[in-house]
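Here is the structure we will look at, set down as structure tokens.
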Amino acid sequence: MSHHKRQRYFYNLGAILLTWHLQVGDTPAPALVYPTPAETLALATTQTLPATPPTPAPTKMAQLGRRLFFDPQFSSNQQVSCATCHQPEHGYTDTYPTAHGIGVGHRRTPSIAMVQHQNWFFWDGRADSLEAQALGPIEHPLEHGFSRVALVKALYHSYAQEMQDIFGPWPLTAHEIATLPAHAAPTPSPEFLPTTVATYTLASLNDFWAQDTILTQAAKRQLSPGNLVSLYSDPRPTLPPAWTQAWERIPPTQQEAIHTIALQFGKAVATFERGLHIQPGKFDRAVDTLTQPQLDSSPLNAEELHGMKVFFGPGQCHLCHSGPLFTDGQFHNIGLPRHPQSRESSLSLDVGRSMGLVLAQKATFRCSNTTHPLLDPTTETCQELAWADPNSLELVGAFKTPSLRGVSERKYFMHDGRFSHLEEVIDYYNTLEEGLSLGHREETLRPLQLTTTDKQALIQFLHTLSSPVIDSTKASQATTSLQHAPASHSNGTEQG
Ligand code: HEC
Ligand code: HEC
């Protein structure tokens with residue numbers, strides 16, 4: 001689909017969401033209804049889609065990125081690739097509650113379809129670019145279990161010529177690469193939550209057992225309780241000491257060259273990821289007909305239409321699940337109780353965005369680090385990162401609003417995969433059952449008290465948001481018009 005067409009597509013979506021919002025209600029809307037100030041604000045959120053960059057053509061860079069994405073050699077057992085978890089046949093996510101790579105992680109694998117429209121990456125947004133994000137899983141002991149130096153060696157072994165064609169001469173000689181240790185990576189330096197945030201987190205736990213354990217542990221390890229909370233909240237892994245010691249022995253100029261090559265890997269993978277699009281589905285076809293308002297011919301049945309009204313009306317779901325991708329790209333604490341298993345598995349205090357923001361502001365590969373020309377310091381995200389306040393208590397327990405595109409295809413829900421049916425998600429919003437949670441639930445959420453009919457309809461509506469994901473960087477698919485793709489079109493399953 002051309003850039004122009006896609007713009008029109010998003011424009012239509014914005015327009016129809018607006019139309020629908022005004023029509024929600026028991027009686028048909030009169031010809032002219034002025035939205036209330038609150039509604040105007042809500043409507044604005046459906047129109048703020050970030051500018052759509054042009055579809056990457058099947059360039060050399062994207063082709064390279066695809067091969068890297070599907071290549072399992074960048075892992076300690078030679079079996080884990082990005083696609084192990086981001087599986088094309090499952091909309092670029094997987095079928096587990098939390099990710100399975102070399103080990104089992106603590107968070108669920110998000111879909112990366114349409115990821116180019118996100119500003120922040122990971123559930124806590126601790127990466128501010130796709131380039132920087134790509135290195136996270138490589139060095140995570142539970143994901144790829146690899147190291148930065150091992151990555152560089154493998155890239156040199158299998159992709160030397162291709163990378164040189166794209167990025168220019170290698171910044172390390174063959175001899176230098178051969179003499180590097182098998183594994184080495186910089187130690188992730190410990191980052192701490194602001195004291196007020198850590199104290200508030202501890203207090204908000206409202207669980208005497210947990211508080212007591214933290215205080216005892218902190219005393220034993222001679223840490224302040226706040227710093228211990230920070231360590232528990234840090235989603236980054238601890239690397240084998242031998243690897244980090246080996247890194248210290250590498251001369252700084254070579255360390256810089258290793259960073260550069262690692263970012264080239266990130267750049268190629270990111271270029272591939274930016275081509276992962278969703279095909280318009282039932283909902284989008286409805287939008288097309290609804291814009292000419294002939295409700296009768298809508299592809300949505302009565303139940304789905306009812307669900308749509310619940311979504312934009314009493315459900316108020318669009319306050320956060322806004323815009324064509326059904327996410328505002330922001331972070332919210334929806335007040336989920338701590339994970340039922342968190343008590344046994346010692347103290348997983350996942351504070352989400354609070355730690356994510358601290359990490360993003362301190363990250364080596366943050367956008368404002370101008371020593372790395374592959375990162376873009378001019379993005380809006382980068383400006384936002386500069387002034388975002390890590391002291392904000394609102395961020396404790398907040399996670400990125402997931403896109404609801406493709407949601408009905410997922411096997412598990414929420415950042416920790418705690419729910420396995422959409423019914424459970426809706427039931428949660430319906431009752432907001434209280435429990436021991438971190439931080440403070442956003443005030444906008446109120447128990448919805450929807451009827452069984454409303455809840456079922458809402459779920460049926462969510463089903464209309466699912467459609468196949470296509471890899472637009474593939475030569476055969478890049479020319480396929482999104483508007484006219486046949487329904488039976490391949491769902492983009494990779495052979496790679
Ligand atoms: C073991 C499973 C696993 C592997 C392998 C894996 N990921 Fe992920 N991916 C995840 C999980 C889990 C998250 C969320 C982690 C978090 O929030 O801390 C994630 C998050 C992401 C995100 C952010 C999406 C968003 O909306 O914020 C992107 C992009 C991504 N991964 C790309 C990759 C790439 C590229 C690779 C290969 C270099 C890769 N992943 C390898 C499980 C995996
Ligand atoms: C205050 C913002 C907000 C509102 C309002 C809201 N959501 Fe969410 N939603 C979120 C956030 C944030 C998450 C992720 C929470 C987490 O993982 O801890 C989420 C998760 C979900 C998920 C799970 C998706 C996945 O991939 O895990 C579904 C489904 C969902 N919401 C549907 C709805 C529906 C339906 C409504 C209206 C009844 C609604 N949401 C209202 C912010 C919101």
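The values are calculated or read from the model by the stated rules, or taken from the named source; none is laboratory data. Please read all numbers here as calculations on a predicted model, not as lab measurements. Please note: Cβ atoms are built from the backbone with ideal geometry, for glycine as well, and neighbour counts cover all protein chains shown.
For the stretch 94-104, the candidate set comprises residues that are within 15 Å of ligand 2 (Cβ to nearest atom) and surrounded by fewer than 22 Cβ atoms within 10 Å (Cβ to Cβ); within that set, the residue that is nearest to R66 (Cα to Cα) is T95.
I need a count of the residues in the stretch 114-151 that are touching a Lys or Arg at 6+ places or on another chain (Cβ under 7 Å) and part of a loop (DSSP other than H, G, I, E, B). So the answer is 6.
Checked against the criterion of being at pLDDT 95 or above and either closer than 30 Å to W123 by Cβ or within 15 Å of ligand 1 (Cβ to nearest atom) (or both), the candidates H318, H277, H332 yield just one match: H332. For the stretch 152-172, a residue qualifies if it is in contact (Cβ under 8 Å) with a residue 12 or more places away in the chain and outside any helix (DSSP H, G or I), and the qualifying residues are W170, P171, L172. Close contacts from the stretch 406-425, counting a first residue that is without any contact (Cβ under 8 Å) to a residue 24 or more places away in the chain and a second that is surrounded by 14 or more Cβ atoms within 10 Å (Cβ to Cβ) and among the charged types (D, E, K, R), with Cβ to Cβ under 7 Å and a gap of 6+ residues or different chains, come to none at all. Being buried (at least 23 other Cβ atoms within 10 Å of the Cβ), over 22 Å from P88 (Cα atoms) and of a type in the set (D, E, K, R) is the filter here; which residues of the stretch 115-147 pass it? Residues satisfying the conditions are D124, R126, D128.
To keep it simple, each residue is scored yes or no on (1) touching a strand residue (DSSP E or B) at 6+ places or on another chain (Cβ under 9 Å); (2) within 27 Å of F312 (Cα to Cα); (3) away from ligand 1 (no atom under 16 Å from the Cβ).
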site	(1), (2), (3)
V358	no, no, no
P373	no, no, yes
T401	yes, yes, no
R410	yes, yes, no
I426	no, yes, yes
E433	no, yes, yes
L436	no, no, yes
H440	no, yes, yes
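Total residues in the stretch 438-494 satisfying the condition of being among the acidic types (D, E), in a loop (DSSP other than H, G, I, E, B) and either farther than 18 Å from H277 by Cβ or modelled with pLDDT of 95 or more (or both): the figure is 2.
Report yes if I177 is in a helix (DSSP H, G or I), buried (at least 18 other Cβ atoms within 10 Å of the Cβ) and free of Cβ contacts under 8 Å to residues at least 60 places away in the same chain, otherwise no.
yes
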